[in-house]
Each structure stands twice: as structure tokens, then as C-alpha cells.
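Below: the structure, in C-alpha cells.
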Amino acid sequence: MRSPTAADPCGAGDPVPWGPTGATGGWARLSHGGCSLGTLGVNLLRLYAVVDRYRGGCTFVDLGVDHGVSSLALALDAVPRRNTVFGVDLTFSNLGFDLRSHPHYHRIRGDTVTVGRQWDRGCVDLVFIDSLHVEPHVLSELHAWFPHVRTGGTIIVHDTAWPEGSHDLRWHPGADATGVKWPTPDRAVAAFFGLEQQFADAKHHGFHHVDDDIEVAHHPESWGMTVIRRKSSRDLRANVGDWPRVFAQRTQVLCSLMDAARLRWFGIDLGSAAAAS
Ligand SMILES: C[S@@+](CC[C@H](N)C(=O)[O-])C[C@H]1O[C@@H](n2cnc3c(N)ncnc32)[C@H](O)[C@@H]1O
């Protein structure tokens, strides 16, 4: 170890790899130098408020990373609080905020559902879902990840309040060519957690719901975000009757976005009746 100097106050000799004064000068910067809080908008503040409730030694998972705004919220205090954060995405080419060198942040390149089905890294305290914004994919994510969320843990689903009549993936030529308008993620949350009536009554207002199994806060701003705290060990996957149909629909979605070679290259498990059990 070297002696401390003004430039190297710890005397460790190596540059600080990540932090408020990290490699590219701070957390506000994406890898290409711009600054954005992405599509989370005000929900970034709500996400961090949930993260802040977990005081330490926790495991957080970010499904759909892109530039890393949600990952940043999960990783912000991870070092002093000894939290571990996993980001899952098909590609990390856009990742910014110096997250590549964050000592408690781990990138998992793969499909969010496949990674959930193969997960063997223990119970999870918080899962943030923000990848493909269509019902069968979000339902498949909930199917794969719900069993890993500990009682007292939280699942947060983003994009749960779309403007009337709008659907994701219409911008993609392959998906658009199928003519299918896939239902939005709120439909998945409503079906999985038995919240059909709450979403129908809420329209574009928020709601709060508590029962023996879950406590829910739904926020409609900035495309919507629904926060679900798990209160019991009951397996809520039983709320959905026909999982093989859900997986078949997800296959249809993915096949409209990429060809078989690409699906294989990403190692995507398209699921089967066996995966539903
Ligand atoms: C809306 S962006 C995520 C935004 C991010 N949560 C934030 O706060 O900025 C969606 C991301 O999901 C990723 N994605 C889409 N489908 C996926 C899949 N099946 N598995 C893993 N990642 C996927 C895309 O590559 C993209 O980076």
C-alpha cells in the first residue's frame, strides 16, 4: 500500500473504480456522455423509495436494463449496505453510469424468463420488471420470478398504465406485420395478482390494495408503475389457469421479433407445458 496523498487519499494505489467520482465523472452520465432518466420519469423516485426500505444484505434483480437507470437506483447504496444487484438483458451495449465497474453489480446476458427459470442464486428481495411490455411476456416473467421472491420481498412492474388504445411492439415491423395488438403489462399484473377489479375501477388513477397475500400500490404516472409486496408464502401462479397458452403467446411474440437462429443465440427457453408445473 502507498502513502495517502491528496489524489489518492486511501493510499491504495489504484484509481477508485466506481462511485460519485467514478471513471466517467459521476452517475449522471450514460456511456455516450448524455444524461437521461429514461422512461421511468417520476417513478424513478418511487423505485428508489422502495429500495431504500431494504436496509442491507439484500439481493435485487433488474429485468430489462438498457441504459441502466433502474439498475442505478438499485445499485446506488449497494456498497455501504452490502446489497447485491443483478441486471438481466439481452444486450448491455447501452449500459452507462459506470455500472460495468460497480463492485456489487452483476450483468447477466440472457432472456429475463429463461434466467428466472434457471435462477440458483437464492431468494430475492426485489425484482424490477421492465423488458418487453406485453402481457404474455410479463406473465411469463412473473411465473419464472415469483417463486424466488421471499415473503416480505417486492415485485415492481413498470409500464402498467398505457394511454388508452396504445400497445407496445407496433413499432417493430415483424410484430406489426402479425396484426396482433398485444395487451399491455397491467393485464398481466391484474391476472397474476387477482387485481382485475382494482385496475378496472382505477382507470388512470392510482390505487392501494391490501389482502392476506399482497400489499399493492399502483401509480399511473410516467407509463405506470405497480409495486407489489409479498406478504405470504402462497404461490399466486395458481391465479392463472392456462400457463401453456401464455407460453405459446410469448413464443408468438418473440418469433415476431427475431428468427430461430437469434432465439438460439440468446439461449431463449420458449417454455412448455412442463415449465408450467
Ligand atoms: C425499457 S428498456 C429498460 C429500461 C430500464 N429499466 C431503465 O430504467 O432505463 C427494455 C430493455 O429490455 C430488454 N429486453 C427486451 N426483451 C428482453 C428479454 N426477453 N430478455 C431480456 N431483456 C430484454 C431490451 O434489450 C431493453 O434494454
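Tabulated values for the structure
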quantity	calculated
Conditions (1) more than 11 Å from the ligand (Cβ to nearest atom); (2) in contact with a His (Cβ under 9 Å, 6 or more places away or on another chain); number of the one not met by His104	(2)
Sole exception among (1) among the aliphatic types (A, V, I, L, M); (2) surrounded by 19 or more Cβ atoms within 10 Å (Cβ to Cβ); (3) modelled with pLDDT under 90; (4) on the phi < 0 side of the Ramachandran plot for Ile129, by number	(3)
Unique residue being more than 13 Å from the ligand (Cβ to nearest atom) and farther than 30 Å from Tyr48 by Cα when the list is Ala175, Ala238	Ala238
Options Arg121, Arg109, Arg117: the member that is within 14 Å of the ligand (Cβ to nearest atom) and either surrounded by 24 or more Cβ atoms within 10 Å (Cβ to Cβ) or in contact (Cβ under 8 Å) with a residue 40 or more places away in the chain (or both)	Arg117
Filter result (more than 16 Å from the ligand (Cβ to nearest atom) and more than 27 Å from Gly56 (Cβ to Cβ)) within segment 124-152	none
First in segment 170-193 and under 15 Å from His137 (Cα atoms), second anywhere and in a loop (DSSP other than H, G, I, E, B) and of a type in the set (Ser, Thr, Tyr), Cβ under 8 Å, 6 or more apart	Thr184/Thr160; Thr184/Ser166; Pro185/Thr160; Asp186/Thr160; Val189/Thr160
Selected residue (only one of Thr160, Thr178 is touching a Gly at 6+ places or on another chain (Cβ under 7 Å) and hydroxyl-bearing (Ser, Thr, Tyr))	Thr160
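The rows are residues; the columns are (1) closer than 22 Å to Pro183 by Cβ; (2) surrounded by fewer than 14 Cβ atoms within 10 Å (Cβ to Cβ).
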| residue | (1), (2) |
| --- | --- |
| Gly206 | yes, no |
| Val216 | yes, no |
| Pro220 | yes, no |
| Lys231 | no, no |
| Arg234 | no, yes |
| Asp242 | yes, yes |
| Arg250 | yes, no |
| Arg262 | no, yes |
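The values are calculated or read from the model by the stated rules, or taken from the named source; none is laboratory data. If you're wondering where the values come from, they're calculated on a predicted model, not measured in any experiment. In this analysis, Cβ positions are derived from the backbone assuming ideal geometry, glycine residues included, and neighbour counts consider all displayed protein chains.
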